[in-house]
Amino acid sequence: MTTIDFQNPSLKDRPLDVISMGRAGVDLYAREANTDMNDVTGFNKFVGGSPANISAAIARQGGRPGLISGVSNDVLGQFICHYLEGFGIDLRGVKVDDSGSRTSLAICELKPSGGSVVIYRNNAADLTLTPEDIDRDYIASAKVLLVTGTALSESPSREAVFHAMSVAKEVGTIVALDLDYRAYSWKSEAESAIYYRQAASMAHILIGNREEFDVLEALIAPNNRDDDATAKRFMTGETQIILLKAGELGSKVYTRDGERFEQGIFPVTVKKPFGSGDSYAGTTLLALIRGKSLREAVKMGSAAAAINVSRDTCTEAMPTSEELAEFIAERC
């Protein structure tokens, strides 16, 4: 059980299911799988970044996602908008920035493990978001606002995130925080720990892996590796649910009222190591919005994660509702 009421009548008629906030960038995937960068002959172009991926996961299952982000006023920014519109993602919260910022770019080897990913985020367009860019009515149009931790890494995006979370509380929108820690985005681990803790206290749902929760605890419990102790420490403030991802070990789930359970993985042949967490987050949130129990929603999230890593790319590897149901039925 959880005290978060996803079926609250005040949320029923809101047109959007989840608005994700943070980065959207261009992903270039190696054309050849299991090939070193030296031997790759070219790349295929897609859109990535956790918020964009999560929005795609929700859209592929017939949900209604929105996005708050920033893109550069150039052909790459135009590509991102065109691509995401093709998924049916609401882009009213996307800022087209003409200050000289640049859309993020990721260049990826396509390997099941050990593949290199090089990410360019100098003067990133998504980090130009300001509190003035946050539209109260837009956030009020969604059942859930999901913010990602990378958006906290610099100002003015940091202030925009805190303002968006405050607005969500005022208008009754459920808030989720995906820790989404990327060390290269931060000046220090201490800085990230401070701002993550502030954001965590404002979120109804926390999502992250063990490494990300280690960052959250860096200044207050630097040697802790006890998941139960971590959950107890951060089940404060607004937080009602903690989803602690553990890769090949599945995930652990904690609730404010004392429920605790584990969800294993669905074994598959892995093609690449990224995208699974975003598929897990988007699917779990959408399932909860649709009235599934927490256990069933997390099971669906785990299955979606498995499907994603068994396919190429991130966004287009997200399963449809039919694919997800068939996948689970075959294995349960």
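The values are calculated or read from the model by the stated rules, or taken from the named source; none is laboratory data. Not measured: the values here are computed from a predicted model. Neighbour counts run over all protein chains shown; Cβ positions are idealised from the backbone, glycine included. Just so you know, the surface numbers come from the protein's heavy atoms only, side chains and all, with ligands and any DNA or RNA stripped out. Shrake-Rupley method; radii C 1.70, N 1.55, O 1.52, S 1.80 Å.
If Met235 satisfies all but one of (1) open to solvent by 30 Å² or more (accessible area, probe 1.4 Å); (2) over 30 Å from Leu28 (Cα atoms), what's the number of the condition it fails?
(1)
Restricting to segment 8-65, give me the number of residues that are hydroxyl-bearing (Ser, Thr, Tyr) and free of Cβ contacts under 8 Å to residues at least 40 places away in the same chain.
Selection size over segment 8-65: 1.
Scan segment 185-208 and report the pairs whose first residue is over 17 Å from Asp227 (Cβ atoms) and whose second residue is hydroxyl-bearing (Ser, Thr, Tyr) and open to solvent by 40 Å² or more (accessible area, probe 1.4 Å), with Cβ atoms within less than 8 Å and a gap of 6+ or a chain change.
Between residues of segment 185-208 that are over 17 Å from Asp227 (Cβ atoms) and residues that are hydroxyl-bearing (Ser, Thr, Tyr) and open to solvent by 40 Å² or more (accessible area, probe 1.4 Å), the close pairs are Ser201/Thr236; Met202/Ser166.
Return the residue satisfying two criteria in turn: it lies in segment 19-44 and is charged (D, E, K, R) and in a strand (DSSP E or B), and of such residues it is farthest from Pro65 (Cα to Cα).
Applying the filter and picking the extreme gives Glu32.
Looking at (1) under 18 Å from Ser185 (Cα atoms); (2) in contact with a helix residue (DSSP H, G or I) (Cβ under 8 Å, 6 or more places away or on another chain), find the lone condition where Val118 falls short.
Of (1) under 18 Å from Ser185 (Cα atoms); (2) in contact with a helix residue (DSSP H, G or I) (Cβ under 8 Å, 6 or more places away or on another chain), only one is false for Val118: (2).
Of all residues in segment 206-230, which are within 24 Å of Ser276 (Cα to Cα) and assigned to a helix (DSSP H, G or I)?
Hits for segment 206-230 are Arg210, Glu211, Glu212, Phe213, Asp214, Val215, Leu216, Asp227, Asp228, Thr230.
For segment 277-326, what are the residues that are open to solvent by less than 20 Å² (accessible area, probe 1.4 Å), farther than 26 Å from Val175 by Cβ and in a helix (DSSP H, G or I)?
Ala306, Ile307, Val309, Ala317
Give the residue that is surrounded by the fewest Cβ atoms within 10 Å (Cβ to Cβ), with candidates limited to residues of segment 79-137 that are assigned to a helix (DSSP H, G or I) and aromatic (Phe, Trp, Tyr).
Phe79
When you look at Thr269, is it exposed (fewer than 13 other Cβ atoms within 10 Å of the Cβ) and under 30 Å from Arg31 (Cβ atoms), yes or no?
Spelling it out, Thr269 is indeed exposed (fewer than 13 other Cβ atoms within 10 Å of the Cβ) and under 30 Å from Arg31 (Cβ atoms).
Hey, Leu145 hits all of (1) open to solvent by 30 Å² or more (accessible area, probe 1.4 Å); (2) closer than 20 Å to Tyr280 by Cα but one; which does it fall short on?
(1)
With respect to Arg233, is the statement that it is modelled with pLDDT of 95 or more, among the basic types (Lys, Arg), touching a helix residue (DSSP H, G or I) at 6+ places or on another chain (Cβ under 8 Å) and in a helix (DSSP H, G or I) true?
Criteria not met by Arg233.
Of the numbered conditions (1) touching an Asp or Glu at 6+ places or on another chain (Cβ under 7 Å); (2) farther than 11 Å from Cys108 by Cα; (3) open to solvent by less than 10 Å² (accessible area, probe 1.4 Å), Ala30 fails exactly one; give the number of that condition.
(2)
Output the residues belonging to segment 64-78 that are open to solvent by 10 Å² or more (accessible area, probe 1.4 Å) and either of a type outside the set (Lys, Arg) or under 18 Å from Cys108 (Cβ atoms) (or both).
Selection gives Asn73, Asp74, Val75, Leu76, Gln78.
Here are some residues: Val94, Val118. Which one is modelled with pLDDT under 95, under 13 Å from Gly25 (Cα atoms) and aliphatic (A, V, I, L, M)?
Val118
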